[in-house]
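To start, the structure itself, in structure tokens.
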Amino acid sequence: VPAGQHVVQVRLRSEGFDQAKVCGVNLVTGKDATVLVSAQRGGMTLVYQGPPVTAGDSPVSDYFSSVRTLVAALIGSAASAVIGFVVQEALRARKSATVVANQNS
């Protein structure tokens, strides 16, 4: 494998178990880099040990950045919907109170 930044994907399949994980690695000539794979009954983990992966250049960090952006957009949309609902209900309650007050006058 040539030196540079790469993405390692490990897929483990067995009866009743099928899981894949990815991690970024940085291969530097003359330095060790290790990916430790730990599989247990409930899941699998990958741990990279080696030269640091540059955050801006890693496809893995780009993936997580995209996921983070998507989650932020979903949370923002949900918050906007909740605020809209609360305001609408407050206006509806205010209108009902005004109608009741006018009928009692």
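The values are calculated or read from the model by the stated rules, or taken from the named source; none is laboratory data. Note that the coordinates shown come from a computational prediction; the quantities given were computed from them, not determined experimentally. Every residue, glycine as well, gets a Cβ built from its backbone with ideal geometry; the counts of neighbours run over all protein chains shown. The protein model used for the area step is the full one, side chains on, heavy atoms only, and it has no ligands, DNA or RNA in it. Shrake-Rupley method; radii C 1.70, N 1.55, O 1.52, S 1.80 Å.
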>> I'm checking my understanding of the structure. Among residues of region 36-66 that are under 19 Å from the mean Cα position of the chain (by Cα) and among the charged types (D, E, K, R), which one is modelled with the lowest pLDDT?
In response: ASP57
>> Residue pairs, Cβ under 6 Å, 6 or more apart or interchain, first in region 3-21 and in contact (Cβ under 8 Å) with a residue 24 or more places away in the chain and under 15 Å from GLY42 (Cβ atoms), second of a type in the set (Val, Ile, Thr) and part of a strand (DSSP E or B). List them.
In response: LYS21/VAL10
> Since VAL99 meets every condition but one in (1) open to solvent by 60 Å² or more (accessible area, probe 1.4 Å); (2) touching an Asp or Glu at 6+ places or on another chain (Cβ under 7 Å), which condition does it not meet?
Replying inline: (2)
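A quick yes/no check of all residues on (1) open to solvent by 60 Å² or more (accessible area, probe 1.4 Å); (2) touching a Leu at 6+ places or on another chain (Cβ under 8 Å); (3) at pLDDT 90 or above:
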| site | (1), (2), (3) |
| --- | --- |
| VAL8 | no, yes, yes |
| ARG13 | yes, no, no |
| PHE17 | no, no, no |
| GLY24 | no, no, no |
>> I need the full set of residues from region 26-35 which are without any contact (Cβ under 8 Å) to a residue 24 or more places away in the chain and either closer than 14 Å to VAL7 by Cα or open to solvent by less than 80 Å² (accessible area, probe 1.4 Å) (or both), in order please.
In response: ALA33, THR34
